[in-house]
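For reference, the structure discussed in these notes is given below.
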Amino acid sequence: MTRILWNEQEFELKNLKLENDILSGTVNGETISLPVVTDKTGRIISAANSDGLPMPVLAATKREYTFVQWKGKVEKITFSRGREGNAGETEGDGSVTAPMPGKILELMAKAGDIVEKDQVLVLMESMKLQVEIRSPIDGIVSGCPVSVGDMVDGDSLLMQVDAAKQQQQ
Amino acid sequence: MVTIDRVLIANRGEIARRIATALIEKEIIPVLPVTEKEWQQAVPVFKDCRMVKAPDSIYLDSEALVALAQAENCQAVHPGYGFLAENAEFAGACETNGLIFIGPPARAMDLMGHKERAREIAKKADVSPVPGFSIDGLNELEIKERAESIGFPVLVKASLGGGGKGMRRVESPEGLLDAIRMSKSESSAYFGSDEVFVEKYILKPRHIEIQIFSFPGGRTVYVGERECTIQRRHQKIIEESPSPVVDEKLRRKMGEAAVRIADIVGYVGAGTVEFIVDEELNFYFLEMNTRIQVEHPVTEEVFGVDLVAWQIEEALGIVEAIPQQKLKGAGHAMEFRIYAEDPAQGFMPSPGKILRYVEPAGPGIRVESAVAEGSEIFADFDPMIAKVVVKGHSREHAMERARFALENFVILGITTNREFLMQILSHPAFQAGELDTGFIDRYRDELKNAVDASIEPEILLLAASLRNPTGKVAQGSVSVDENGYYPPVTTRIP
């Protein structure tokens with residue numbers, strides 16, 4: 001089962017077909033059709049906007065993501081497997097991750113520290129810019145797997161914060 | 001006249017490509033240091049250059065660059081912008097080792113490269129600088145006192161800096177020392193010096209600069225102005241020429257001021273004198289950039305000149321001096337800097353791999369870049385991907401062409417500021433030429449809300465059909481497989 005996510009909403013797509021330069025399909029039960037232009041290999045290279053003007057369309061796929069540029073805008077659409085879990089379930093998660101690759105300049109909290117939401121926990125450097133990484137939640141720092149001077153990849157875990165409510169009980 | 005057949009480009013990215021093209025036009029071989037990491041992706045972009053493998057630190061390593069130039073039998077070095085371009089010691093090291101440094105004499109760079117000294121020179125040239133002071137030799141209390149005497153807000157900036165690196169706006173005395181500490185650290189990382197400078201922040205300022213070129217024999221001309229007011233994090237993202245507020249009279253006044261400054265230091269070659277212009281159109285000397293600027297193409301388009309070729313011809317001793325009255329601008333040019341960054345997240349850099357890349361083309365469109373499909377934007381360097389330069393017969397015409405160019409610039413796989421630039425372009429204040437350096441902060445919400453978040457399900461049909469590795473869509477009804485791909489089925493071609 002493939003789930004399609006776009007702008008934090010889930011979509012169901014059925015009956016995708018291309019006939020006589022008309023691309024059609026059913027999105028969440030609604031049937032849509034779109035005049036397109038294909039190249040000699042059958043690949044769609046442009047699609048009409050609401051005024052009927054053909055607008056170039058290009059796409060690229062990386063793992064579960066497909067990026068589409070159409071009418072000057074880029075959209076990122078997720079085609080993910082499995083049905084368990086909801087989009088945005090990471091809400092309330094105390095993982096502090098690197099937003100991009102870079103170097104750790106300063107750790108402003110250590111394990112056991114009580115921290116507040118939006119408090120700066122880590123100072124990173126990327127592309128010669130210093131970036132402050134803030135706590136996503138109120139809580140207690142339970143771990144910090146990195147050290148000052150480390151080079152880290154994007155998305156790597158920098159610090160773990162356990163939610164404050166566990167402390168109140 | 002000098003014989004030059006090989007020139008070391010002490011730089012990378014789009015400016016290395018720009019310089020390489022200018023050299024090849026003159027049948028000079030560009031020699032280019034390329035890091036191991038960037039090698040693979042540099043090959044297709046610099047296939048007409050002599051590429052040499054170099055360590056990651058090469059672009060800031062004066063000694064290694066000189067050694068490389070000598071080992072490769074280069075007679076000259078072009079530093080581009082950033083890195084060591086304004087480092088007088090590097091220029092000096094080139095000169096001592098018999099290499100022509102394509103730029104001003106080390107002495108002129110040294111004088112202008114230091115913000116405090118440059119201000120003294122401006123005063124000598126009868127041009128007022130922005131009120132400010134160097135923190136060198138001052139203790140914390142003295143720094144605070146002097147800052148308060150010029151009045152907050154102030155700007156803290158790297159004495160040797162440029163491009164907004166190491167620069168911070170400070171609203172009140174409390175934030176001053178922290179800002180100085182941060183600027184120092186960024187400044188040492190980027191310019192190899194932690195000297196910083198504090199200066200008065202002029203409210204609603206415009207940033208307008210004059211391009212100059214000093215031909216041999218001290219014949220300096222000004223080549224119009226560039227309005228570089230649209231900035232984020234003190235870094236320019238849109239530049240244009242002419243400025244919507246500069247008329248012929250002000251242009252001459254600013255141009256002549258810039259020429260006087262250049263003449264005092266015995267300048268040679270291309271340089272830029274930057275001014276801050278207030279709401280009453282008073283202009284204050286800010287700094288001089290003793291190098292080619294990122295935004296030089298804007299001037300080239302309006303004046304029909306090739307500044308990089310002039311630099312090379314000057315080094316060769318064959319440049320033909322152009323008299324001031326022959327430099328006439330025509331039309332309007334704009335430059336848009338495309339960055340790998342996320343405007344929705346405070347312009348945070350967004351390095352990564354470019355999966356699809358198609359540059360726009362058409363009349364009046366010029367793209368400067370050094371990337372291709374599959375290139376990776378690394379976190380180690382400045383995140384600029386490309387510059388889109390457009391030229392039209394009027395500002396309106398240039399904006400029309402800019403919209404077309406930006407809309408048709410395809411960069412997929414990483415987040416860029418392209419759509420953000422398009423939002424600025426459609427903003428009524430930008431269209432009216434009502435600019436100041438606070439533009440982006442002031443209109444942040446409007447610019448964000450203008451991003452069309454409407455859900456058009458058509459895009460899902462396109463994504464699903466193009467997601468399929470062959471890009472083909474089935475005849476009849478199909479469903480996605482467990483990898484989220486639609487099975488490839490041959491399409492009948494009508």
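Checking B:THR299 against (1) open to solvent by 10 Å² or more (accessible area, probe 1.4 Å); (2) under 23 Å from B:GLY103 (Cβ atoms), which test does it fail?
(1)
Would you mention how many residues in region A:126-145 are buried (at least 18 other Cβ atoms within 10 Å of the Cβ), within 22 Å of the chain's Cα centre (by Cα) and closer than 22 Å to B:TYR190 by Cα?
Summing the residues that are buried (at least 18 other Cβ atoms within 10 Å of the Cβ), within 22 Å of the chain's Cα centre (by Cα) and closer than 22 Å to B:TYR190 by Cα in region A:126-145 gives 4.
Pairs please, first residue from region A:29-53 and in a strand (DSSP E or B), second anywhere and of a type in the set (Asp, Glu) and at pLDDT below 90, Cβ atoms under 6 Å, 6+ apart in sequence or on different chains.
Here the result reads A:VAL36/A:ASP21; A:ILE45/A:ASP39, each pair linking region A:29-53 to a residue that is of a type in the set (Asp, Glu) and at pLDDT below 90.
One line per residue, one yes/no per condition, for (1) of a type in the set (Ser, Thr, Tyr); (2) more than 30 Å from B:GLU301 (Cα to Cα):
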| residue | (1), (2) |
| --- | --- |
| B:VAL170 | no, yes |
| B:LEU176 | no, yes |
| B:ALA189 | no, yes |
| B:PHE215 | no, no |
| B:GLU227 | no, no |
| B:GLN235 | no, no |
| B:SER241 | yes, no |
| B:LYS249 | no, no |
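Restricting region B:1-59 to residues that are β-branched (Val, Ile, Thr) and in contact with a Pro (Cβ under 8 Å, 6 or more places away or on another chain), which is nearest to B:ILE338 (Cα to Cα)?
For region B:1-59, the residue satisfying everything is B:ILE19.
What residue, of B:VAL367, B:VAL390, is crowded, with 22+ Cβ neighbours inside 10 Å and either touching a helix residue (DSSP H, G or I) at 6+ places or on another chain (Cβ under 7 Å) or assigned to a strand (DSSP E or B) (or both)?
B:VAL390
Give the residues of region B:404-434 that are within 24 Å of B:VAL246 (Cα to Cα) and either small (Gly, Ala, Ser) or open to solvent by 10 Å² or more (accessible area, probe 1.4 Å) (or both), sorted by residue number.
The initial filter retains those residues of region B:404-434 that are within 24 Å of B:VAL246 (Cα to Cα), namely B:421, B:424-434.
The answer is B:SER426, B:HIS427, B:PRO428, B:ALA429, B:GLN431, B:ALA432, B:GLY433, B:GLU434.
Quick one: in region B:277-303, of everything that is part of a loop (DSSP other than H, G, I, E, B) and farther than 16 Å from B:GLU335 by Cβ, which residue is nearest to the chain's Cα centre (by Cα)?
Let us first name the residues in region B:277-303 that are part of a loop (DSSP other than H, G, I, E, B), namely B:278-282, B:290-295.
Narrowing further to those that are farther than 16 Å from B:GLU335 by Cβ: B:278-282, B:290-291.
Numbers: B:ASP278: 23, B:GLU279: 25, B:GLU280: 27, B:LEU281: 25, B:ASN282: 25, B:THR290: 14, B:ARG291: 11 Å.
Ranking the candidates gives B:ARG291 first.
Run down B:ILE318, B:ILE312, B:ILE338, B:ILE385 and say which single residue is out of contact with any Lys or Arg (no Cβ under 8 Å at 6 or more places or on another chain) and open to solvent by less than 10 Å² (accessible area, probe 1.4 Å). Don't jump to the end; show me each part of the working.
Working: B:ILE318 fails: open to solvent by less than 10 Å² (accessible area, probe 1.4 Å); B:ILE312 fails: out of contact with any Lys or Arg (no Cβ under 8 Å at 6 or more places or on another chain); B:ILE338 fails: out of contact with any Lys or Arg (no Cβ under 8 Å at 6 or more places or on another chain).
None of the others qualify; the one that does is B:ILE385.
Among the residues of region B:20-27, is any touching a Lys or Arg at 6+ places or on another chain (Cβ under 7 Å) and outside any helix (DSSP H, G or I)?
No, region B:20-27 has no match at all.
Is at least one residue of region B:264-281 within 14 Å of chain A (Cβ to nearest Cβ) and either open to solvent by 10 Å² or more (accessible area, probe 1.4 Å) or in contact with a helix residue (DSSP H, G or I) (Cβ under 7 Å, 6 or more places away or on another chain) (or both)?
no
If we scan region B:15-22, do we find a residue that is in contact with a His (Cβ under 7 Å, 6 or more places away or on another chain), surrounded by 22 or more Cβ atoms within 10 Å (Cβ to Cβ) and not assigned by TED's automatic domain parsing to the domain that holds B:SER369?
Yes, because at least one residue in region B:15-22 is in contact with a His (Cβ under 7 Å, 6 or more places away or on another chain), surrounded by 22 or more Cβ atoms within 10 Å (Cβ to Cβ) and not assigned by TED's automatic domain parsing to the domain that holds B:SER369.
Limited to region A:1-59, what total is found for residues that are small (Gly, Ala, Ser) and more than 7 Å from chain B (Cβ to nearest Cβ)? So that I can check it myself, show each step before the final result.
To start, the set of residues in region A:1-59 that are small (Gly, Ala, Ser) comprises A:24-25, A:29, A:33, A:42, A:46-48, A:50, A:52, A:59.
From what's left, more than 7 Å from chain B (Cβ to nearest Cβ): A:24, A:29, A:33, A:46, A:48, A:50, A:52.
Going through region A:1-59 one residue at a time, the tally reaches 7.
Here are some conditions: (1) modelled with pLDDT under 90; (2) within 11 Å of chain B (Cβ to nearest Cβ); (3) open to solvent by 20 Å² or more (accessible area, probe 1.4 Å); (4) farther than 23 Å from B:GLU359 by Cβ. A:LYS110 meets all but one. Which one does it not meet?
(2)
If A:VAL148 satisfies all but one of (1) over 25 Å from the mean Cα position of the chain (by Cα); (2) open to solvent by less than 40 Å² (accessible area, probe 1.4 Å); (3) closer than 29 Å to B:PHE191 by Cα, what's the number of the condition it fails?
Unmet condition: (2).
Name, by its number, the condition in (1) within 25 Å of B:GLY331 (Cβ to Cβ); (2) of a type outside the set (D, E, K, R); (3) within 12 Å of chain A (Cβ to nearest Cβ) that does not hold for B:GLY374.
Among (1) within 25 Å of B:GLY331 (Cβ to Cβ); (2) of a type outside the set (D, E, K, R); (3) within 12 Å of chain A (Cβ to nearest Cβ), B:GLY374 violates only (1).
Checking the condition facing chain B (nearest Cβ under 7 Å) and at pLDDT below 85, which residue from A:LYS62, A:LYS128, A:LYS73 passes? If you could, list the steps in order and put the result at the bottom.
On the way: A:LYS62 fails: at pLDDT below 85; A:LYS73 fails: at pLDDT below 85.
Result of the check over A:LYS62, A:LYS128, A:LYS73: A:LYS128.
What are the residues in region B:233-263 that are at pLDDT below 95 and either in a loop (DSSP other than H, G, I, E, B) or in contact with a helix residue (DSSP H, G or I) (Cβ under 6 Å, 6 or more places away or on another chain) (or both), if any?
Matches in region B:233-263: B:ARG233, B:HIS234.
Please find, within region B:37-57, the residue that is surrounded by the most Cβ atoms within 10 Å (Cβ to Cβ) out of those that are among the polar types (S, T, N, Q) and in a helix (DSSP H, G or I). Spell out how you get there, then give the answer.
To start, the set of residues in region B:37-57 that are among the polar types (S, T, N, Q) comprises B:40-41, B:57.
Cutting the leftovers down to in a helix (DSSP H, G or I) gives us B:40-41.
Numbers: B:GLN40: 12, B:GLN41: 21.
So the residue we want is B:GLN41.
Can you find, within region B:317-353, the residue that is farthest from B:VAL298 (Cα to Cα) among those that are among the polar types (S, T, N, Q) and outside any loop (DSSP other than H, G, I, E, B)?
Of everything passing the filter in region B:317-353, B:GLN345 is farthest from B:VAL298 (Cα to Cα).
Pairs please, first residue from region B:180-195 and among the basic types (Lys, Arg), second anywhere and open to solvent by less than 50 Å² (accessible area, probe 1.4 Å), Cβ atoms under 6 Å, 6+ apart in sequence or on different chains.
B:LYS184/B:VAL196
The values are calculated or read from the model by the stated rules, or taken from the named source; none is laboratory data. Since we're looking at a predicted model, the values are computed, not measured. No Cβ is skipped: glycine too gets one built from the backbone with ideal geometry, and neighbour counts run over all protein chains shown. Accessible surface is based on the protein model in full, side chains and every heavy atom, while ligands, DNA and RNA are left aside. Shrake-Rupley method; radii C 1.70, N 1.55, O 1.52, S 1.80 Å.
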